[in-house]
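What follows is a single structure, written as structure tokens, with notes after it.
The values are calculated or read from the model by the stated rules, or taken from the named source; none is laboratory data. This is a predicted model, so every value here is computed, not measured. Positions of Cβ are generated from backbone atoms using ideal geometry, with glycine treated the same way; all protein chains shown enter the neighbour counts. In case anyone asks, the SASA skips ligands and DNA or RNA and just uses the protein heavy atoms, side chains included. Shrake-Rupley method; radii C 1.70, N 1.55, O 1.52, S 1.80 Å.
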Amino acid sequence: MSKRKLTDAHLPVGECITQVQEILRERLCCQKLPDRPEGVEAQHKHLLELLKRTAVHGESNSVLIVGPRGAGKTMLLKCVLRDLLEDKEVQKNLLQVHLNGLLQTDDRIALKEITRQLHLENAVGDKVFGSFAENLAFLLEALKKGDRSSSRPVLFVLDEFDLFAHHKNQTLLYNLFDVSQSAQAPIAVVGITCRLDVLELLEKRVKSRFSHRQIHLLSSLTFPQYLERVRTQLSLPDDFPDGKFAEDWNASVKTLCEDKSVEDVLQRHFNSSKDARSMHMLLMFCLSRVSVSRPAIKPADLLEASRLCFADAKANMLHGLSILELCLIIAMKHLNDVYEGEPFNLQMVHNEFKKFLQRKSNSMYNFDQPVIMKAFEHLQQLELIRPVDSSSAKIQREYQLMRLMIDHSQIMEALQKYPQCPTDVKQWAMSAFG
Amino acid sequence: MAALLQHAGYEEERLLRVAQQMPCREVQAGMLLSLMGQPQQYSYPSIFIYGHRASGKSHVMHVLLKELELPHATVSCVECVSVALLFEQVLLSFFGCDAASLLPRSPSLSDFVRIYRQQCSQSPAKQTRYIVMEKAELLRDTDANLLPALLRLQELVEDNVTIILLSEIVWDKFRPNTGCFEPLLLHFPDYSKGELQQILSQDRHPSYTAEFYSSYINILLGVFYSVCRDLRELRHLAALNFSKFCEPLAEGKVKETDTHKLWRNIEPHLKKAMQTVYLREVSSLQWEQMQQMEEKESGALRGLSAHTHVELPYYSKFLLIAAYLASYNPARTDKRFFLKVDRFNFTPKNLLNHLLGPKPFPLDRLLAIFYSVVDNRVAPTASIFSQISSLVTLQLLTQVSHDDQLDAPKYKCAVSMDFICAISRTVNFDIVKYLYDFL
């Protein structure tokens, strides 16, 4: 039997679990960069080539990385940058400017940020002097003076690129693309966006200066690859301090992924969304249940996590309503059935409710109009019903037309789970004619 | 008894203290703790906690963060009318007032992130920092970029920070149209009747036994549970009415165990409370005074809606009746009601006009009905027209047309059926005979 070189250290279980949590949390929560990005090798190569041409050979370029939310666009860019900066020359020469559409909501702010990040002369420490026009002129001067041989290449990364297209006149985009087309200081403009139709947002003059180069990250995972991805995300790396524990853990993860019920759950998740982020959310719920008393992930954990992810929020809120509010919702459901979705107001709902009360012998729910009004307003605050138009100035509250924002199936499901629901209320809900 | 809350990174006695302060919420607190993990580990960038009012979301968060002494910043979005207040509060809680003073005059999100990054490069987070935002549904009404940026704050500032959003509204109504970083969703379920009983019984008065107070809470829940399950409201009602409940005991008429007599004494009182204090028709102070005043003077209790019953002059009452008829009768049926000769008969309809609300009518129609309804001859003087304006000021009529239209103003009648019936009775006018819906 060959003697494998295991680390001799045997840490106590508590310590091991802490280490596991730390490693996996870094992977799932703060999106630590993997050593090699999986499934996007072609895109990685393409982008790396492009940026190398700018950084090493001084060629100006522009590219857009397009993909749905959670597809891994920012992660791809960061991996490419990490690989690019391994080259000493590049590390010395390349200047980087990182902008985000959510933070730099205006061209003025964006320009100040660029000036700050490039440490231009009109920025002292943190403060940037001059007006917008002066700053823009200064920046363009600085960029125009260079040429491929004598000036350092600059990399502009524009996150949430579609938000930059909403700025006034798209000044920043126009200037950046303009510089990238003309023979000036070599710059690379990389835009990251989740909108597939981003080119429609650009003005004609901006679009013509853009190189129309797009890298798409549309995931083409199959289900076995998805399963494999789940397994690798949960497995511990080789350099874990306690080798025996890591082996046991990885083996348990392997058996977990081969379990039939787990496969069904993961199939359901795969069918609703393939991206990495929703997978990370599911695995995070599973990971949170790991502790010293349960040192491994069991199929029950995954089932519970899946139940939490797929829980219907509105049905949960319906569960907490009082009986009166529930009766009002059932009355609204009947009104929707009879009048085919026409909006209703409180008077109509009260009328419908009174018709139900007339049929019952006891008058337990015979509340006054103001009490019913308060229940109705509570439903409005929870946004389970919404006014049809927002002009509530001239209409009395009880005549304001509203719409119900819950589906019929959600109401019926909530009634099944409602604690101690009176049977006549249930029967009223299920009867066809209200 | 095994501790209900257990976690590796925190001391046992602290967790025991935490568990004592939040009855019936141990499961949720445990879930939250396991998501938070040990203080030095990373946690998910954003967590969204939703649940009904008074279901313990803020309470659990505060108790956890305070007892376990984790660095946190609590912001209520109601107070932050401008984003500058939000940024200041966060920087103040994490880095002190020097950092907060670095913010420029009207700071943008970009300034906030920049200053945060500078500060955290000087003092990086050794434990996860938490930003708790209450009433998070108000964030939807601020700038469109604030909510998506806050959800990704961990990535933007490259620090170990987690945002926790607390709200009553479900997450589906928050999502921006191009999507955002989805937070972890956590639900705080409502309290069941038994749990409400358990929590409310903790407020007991020291001079009475626990069973006595529990029986009182039982009766209270029996009256109010089908209408209201909000813990805060129920606690308030319990506190207000307890003295009345103990009255027969203090007077020596009943013993503590005579639940039936106690119930008979308190139940009509609680029913009255539902119509007044629960609806905030009377303030709690007035209610307490009324309880001390005994039954002979309790008729003087006037709710807020009683103040709308002003005493109107004679012709104003008829104007109001005419306005009501004009609002709730369709115009084509005026002939049938207000001509001397009755030649038409109609089939009765359901109360459709009353369900839809009042309809607008022009001034001429109002005056036409007014003249046919008032029994003696009335000259169209300015005093009649000025009474119409005063009815509008009293908000008994609403003016629907624009202020510029002087020749054909339109109005709507804004009073309820009970009010107009009361008024018509004072002038001996049978209004039901003239309403189309009641034929």
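Descriptive notes on the structure:
- Extended-chain gain in nm, criterion 0.36 nm per residue less alpha-carbon gap, B:ARG377 and B:GLN202: 56.1 nm
- Of B:HIS187, A:HIS269, the order by accessible heavy-atom surface (1.4 Å probe, DNA, RNA and ligands excluded), from most exposed downward, is B:HIS187, A:HIS269.
- Per-residue SASA entry for B:TYR191, accessible area with 1.4 Å probe, Å² rounded to 10: 20
- Restriction of the trypsin sites (Lys or Arg not before Pro) in the stretch A:147-245 to DSSP coil positions whose beta-carbon has at most 10 other beta-carbons within 10 angstrom yields no sites.
- By DSSP, the beta bridges lying fully in the protein assembly as shown are antiparallel in about 20 percent of cases.
- Segment A:LYS78-A:LYS426, length gained on full extension (0.36 nm per residue, minus Cα span): 119.7 nm
- FRET efficiency for the B:TYR225 to A:ALA42 pair, using the beta carbon distance and R₀ = 56 Å, is estimated at 0.35.
- Size of the B/A contact, given as accessible area buried on both chains, probe 1.4 Å, in Å²: 5600
- 3J(HN,Hα) couplings calculated from phi for the stretch A:282-297 with the Karplus curve 6.51 cos²θ - 1.76 cosθ + 1.60 (θ = phi - 60°) are, in sequence order, 4, 5, 5, 4, 5, 5, 5, 8, 7, 8, 4, 6, 10, x, 9, 8 Hz; Gly and Pro show x.
- Of the whole protein surface, B:SER82 contributes about 50 Å² of accessible area at a 1.4 Å probe radius.
- Straight Cα distances below 17 angstrom link B:LYS57 to the lysines B:LYS66, B:LYS135, with same-chain residues fewer than 8 positions distant left out.
- Looking at chain A alone, DSSP beta bridges between its own residues are antiparallel in about 20 percent of cases.
- Cα long-axis angle, helix A:223-234 against chain A (0 to 90 degrees, to the nearest 10): 80
- Taking amide H as placed 1.01 Å from N in the peptide plane, B:SER401 has its amide H under 5 Å from the amide H of B:LYS410, each at least 5 places away in sequence or on another chain.
- The lysines whose alpha-carbon is closer than 18 Å to the alpha-carbon of A:LYS45, local same-chain residues fewer than 8 away aside, are A:LYS73, A:LYS78.
- Inter-label distance, nm, simple model (7 Å from Cα along the C-beta direction), B:LYS173/B:GLU67: 3.2
- In this structure, the amide hydrogen of A:GLN96, modeled 1.01 Å from its nitrogen in the peptide plane, lies closer than 5 angstrom to those of A:LEU155, counting only residues at least 5 positions away or on a different chain.
- Estimated at the nearest 10 Å², the accessible area of A:ASP312 is 50 Å² with a 1.4 Å probe.
- Chain B: calculated mean residue ellipticity at 222 nm from DSSP helix runs of at least 4, using -39500 (n - 2.57): -14000 deg cm²/dmol
- Local electrostatic count, B:ARG53, Cβ distance below 14 Å [Lys/Arg +1, Asp/Glu -1]: -3
- Among A:TYR399, A:MET373, A:LEU48 - extreme Cα towards positive end, dipole of the protein assembly as shown, charges at beta-carbon: A:TYR399
- With at most 12 other Cβ atoms within 10 Å, longest stretch of chain B clear of loop GluC sites (Glu not before Pro) (DSSP): B:80-250
- The charge dipole of the protein assembly as shown, taken about the Cα centre with unit charges on the Cβ atoms of Lys, Arg (+1) and Asp, Glu (-1), comes to about 1520 debye, rounded to the nearest 20.
- Residues of the stretch A:77-98 with amide N under 19 Å of the 7 Å Cα→Cβ point at A:GLN214: A:77
- J(HN,Hα) series, the stretch A:29-36, from Karplus relation 6.51 cos²θ - 1.76 cosθ + 1.60, nearest Hz, glycine and proline x: 8, 9, 6, 5, 5, x, 5, 10
- Helix A:73-84 and the long axis of chain A differ in direction by around 20°, with both axes built from C-alpha atoms.
- Among B:LEU85, B:PRO71, B:LEU185 - extreme Cα towards positive end, dipole of chain B, charges at beta-carbon: B:LEU185
- The HN-Hα couplings worked out from phi for the stretch B:169-186 by the Karplus form 6.51 cos²θ - 1.76 cosθ + 1.60 (θ = phi - 60°) are 9, 6, 5, 4, 8, 9, 4, x, 5, 8, x, 7, 6, 6, x, 6, 9, 10 Hz, whole numbers, x standing for Gly and Pro.
- Tilt relative to chain B, helix B:314-328 - C-alpha long axis, 0 to 90 degrees, to 10: 70
- DSSP beta bridges in chain B [antiparallel fraction, %, rounded to 5]: 20
- Inter-label distance for A:LYS260 and B:CYS97, nm, one decimal - labels placed 7 Å from Cα along Cα-to-Cβ: 6.8
- The stretch B:115-258: relative contact order in percent, alpha carbon pairs under 8 Å with at least 6 residues between: 18
- Note on surface exposure: B:MET417, A:MET430 rank A:MET430, B:MET417 by accessible area, highest first, 1.4 Å probe.
- Among A:ASP238, A:ASP389, the order of accessible area from largest down is A:ASP238, A:ASP389, computed with a 1.4 Å probe on protein heavy atoms.
- Between the amide H of A:ILE65 and those of A:GLY191, A:ILE192, A:THR193, A:ILE215, distances stay under 5 Å, these residues lying 5 or more places away or on another chain, with hydrogens modeled in the peptide plane.
- Candidates B:VAL81, B:VAL378, B:VAL277, ranked by Gaussian network fluctuation over chain B, Cα under 10 Å, top entry: B:VAL378
- For the protein assembly as shown, with +1 on Lys and Arg beta carbons and -1 on Asp and Glu, the positive-most of A:SER409, B:VAL254, A:MET75 along the dipole: A:SER409
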